[in-house]
Amino acid sequence: MKISLIGYGKMGKEIEKIAISRNHTIVNKFDIENINELTVENLKKSDIAIEFTTPETAFENYIKCFEANIPVVSGTTGWLNKYSEIKEIVESQNQTFLYSSNFSIGVNIFFKINSFLSKIMNNFPDYQVEIEETHHTEKKDAPSGTAITLAEEIIKNINKKTSWINELTDENDKISINSLRKVNIPGIHTIKYESPVDIIEITHSSKNRTGLATGAVLAGEYIFGKKGLFTMDDFIKL
Ligand SMILES: NC(=O)c1ccc[n+]([C@@H]2O[C@H](COP(=O)([O-])OP(=O)(O)OC[C@H]3O[C@@H](n4cnc5c(N)ncnc54)[C@H](O)[C@@H]3O)[C@@H](O)[C@H]2O)c1
């Protein structure tokens, strides 16, 4: 595939390496220094775009890719308040879009374990649930998109939980997400259920960005030639 990279930061650079190793060609690398080159005409030179930028810029970039009629894989987090708008555009304009808060295969397995565990824990109200996420200090959004995905699934499955909050709380209807920032951490997520007598804890820890970048390239290969709105679930089929 001919790929446009939108965002040539930590993830963009890692995706470039994986894409080349899988015999794809990077035809465009857009970042803020050459943002004037991010045009419909240049995008049309590629088969797909892989977008990892910032919460503030992602939406506008998707729209530009749709104007060029190219499929988009995006991992940018923190823009999901506009997801329904994107869904509407993808469906009405017959576009192709796959977003995931986390492209790691391991994290997607972790999402399934979280879903299974939270369904069980709904029957045991003595346990209080809490999420902790740790990332590198340059991360712009908090909580992480992955922590939000985990929290939303728990809210779906545990009746007494109705929302999440990005601080420690004793409020029974809320899930607290504790966000920690430390140097050089690609991403650690822990879900802890604590009762007066014990603790059940599950953790996913990324060793590096390779798994995330590989998942994004594989997702691009999956959506190439397809139309519609996709998730990692469609692709991994766990
Ligand atoms: N879904 C996942 O698996 C996953 C994994 C890691 C990071 N992320 C998310 O992806 C995003 C990028 O992460 P990163 O670690 O590569 O960050 P980064 O800061 O290293 O890179 C982002 C790059 O985007 C560039 N940029 C900013 N505005 C732009 C624009 N309008 N057009 C093109 N480029 C622009 C920046 O200059 C920067 O180089 C973040 O939102 C992060 O949370 C998601």
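The values are calculated or read from the model by the stated rules, or taken from the named source; none is laboratory data. These numbers come from a predicted model, not from an experiment. Reconstructed Cβ throughout: ideal geometry from the backbone, glycine too, with neighbour counts over all protein chains shown.
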Residue pairs within 9 Å by beta carbon, gap of at least six or interchain, first lying in segment 1-26 and touching a residue at least 24 places away in the same chain (Cβ under 8 Å) and within 14 Å of S74 (Cβ to Cβ), second among the small types (G, A, S) and in a strand (DSSP E or B), listed first then second, are I3/A49; S4/A49; L5/A49; I6/A49; I6/S74
By residue number, the members of segment 219-238 that are modelled with pLDDT of 95 or more, surrounded by 14 or more Cβ atoms within 10 Å (Cβ to Cβ) and out of contact with any strand residue (DSSP E or B) (no Cβ under 8 Å at 6 or more places or on another chain) are E221
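Can you tell which of K82, K119, K112 is within 25 Å of Y8 (Cα to Cα) and charged (D, E, K, R)? Spell out how you get there, then give the answer.
On the way: K119 fails: within 25 Å of Y8 (Cα to Cα); K112 fails: within 25 Å of Y8 (Cα to Cα).
Answer to the check: K82.
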Result of the Cβ filter at 8 Å on segment 199-212, keeping first residues that are of a type in the set (D, E, K, R) and partners that are within 11 Å of the ligand (Cβ to nearest atom), at least 6 apart or interchain, is K207/P186; R209/K10; R209/M11; R209/E14; R209/P186
Do we have any residue at all in segment 58-80 that's in a loop (DSSP other than H, G, I, E, B), more than 16 Å from the ligand (Cβ to nearest atom), in contact (Cβ under 8 Å) with a residue 40 or more places away in the chain and surrounded by fewer than 23 Cβ atoms within 10 Å (Cβ to Cβ)?
-> no
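Output yes when any residue across segment 19-38 is touching a Phe, Trp or Tyr at 6+ places or on another chain (Cβ under 6 Å), at pLDDT 95 or above, under 28 Å from N184 (Cα atoms) and not small (G, A, S), and no when none is.
Step one: list which residues in segment 19-38 are touching a Phe, Trp or Tyr at 6+ places or on another chain (Cβ under 6 Å), which gives 29, 31, 38.
Restricting the remaining residues to those that are at pLDDT 95 or above gives 29, 31, 38.
The next check asks that each one be under 28 Å from N184 (Cα atoms); those that pass are 29, 31.
Next, only the ones that are not small (G, A, S) stay: 29, 31.
Yes, the conditions are met somewhere in segment 19-38.
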Of the conditions (1) more than 12 Å from the ligand (Cβ to nearest atom); (2) buried (at least 21 other Cβ atoms within 10 Å of the Cβ); (3) assigned to a loop (DSSP other than H, G, I, E, B), the single one that F97 does not satisfy is (3)
Condition set out of contact with any Asp or Glu (no Cβ under 9 Å at 6 or more places or on another chain) and outside any loop (DSSP other than H, G, I, E, B), scope segment 224-234, selection nearest to V183 (Cα to Cα): answer is M232
_Quick check on segment 48-55. Is at least one of its residues of a type in the set (V, I, T), under 18 Å from K140 (Cβ atoms), without any contact (Cβ under 8 Å) to a residue 24 or more places away in the chain and surrounded by fewer than 19 Cβ atoms within 10 Å (Cβ to Cβ)?_
no
Restricting segment 30-42 to residues that are surrounded by fewer than 17 Cβ atoms within 10 Å (Cβ to Cβ) and not in a helix (DSSP H, G or I), the one nearest to the ligand (Cβ to nearest atom) turns out to be D31
Those residues of segment 1-29 that are outside any strand (DSSP E or B) and over 15 Å from A58 (Cα atoms) come to a total of 14
Note on segment 96-129: residues without any contact (Cβ under 8 Å) to a residue 12 or more places away in the chain and either assigned by TED's automatic domain parsing to the domain that holds N81 or over 22 Å from T169 (Cα atoms) (or both) are F116, I120
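Can you list the strands (runs of 3 or more DSSP E) found entirely within segment 106-218 that contain at least 2 residues being buried (at least 19 other Cβ atoms within 10 Å of the Cβ)?
Hits in segment 106-218: 128-135, 174-181, 188-194.
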Selection status of K45, charged (D, E, K, R), away from the ligand (no atom under 11 Å from the Cβ) and in a helix (DSSP H, G or I):
no
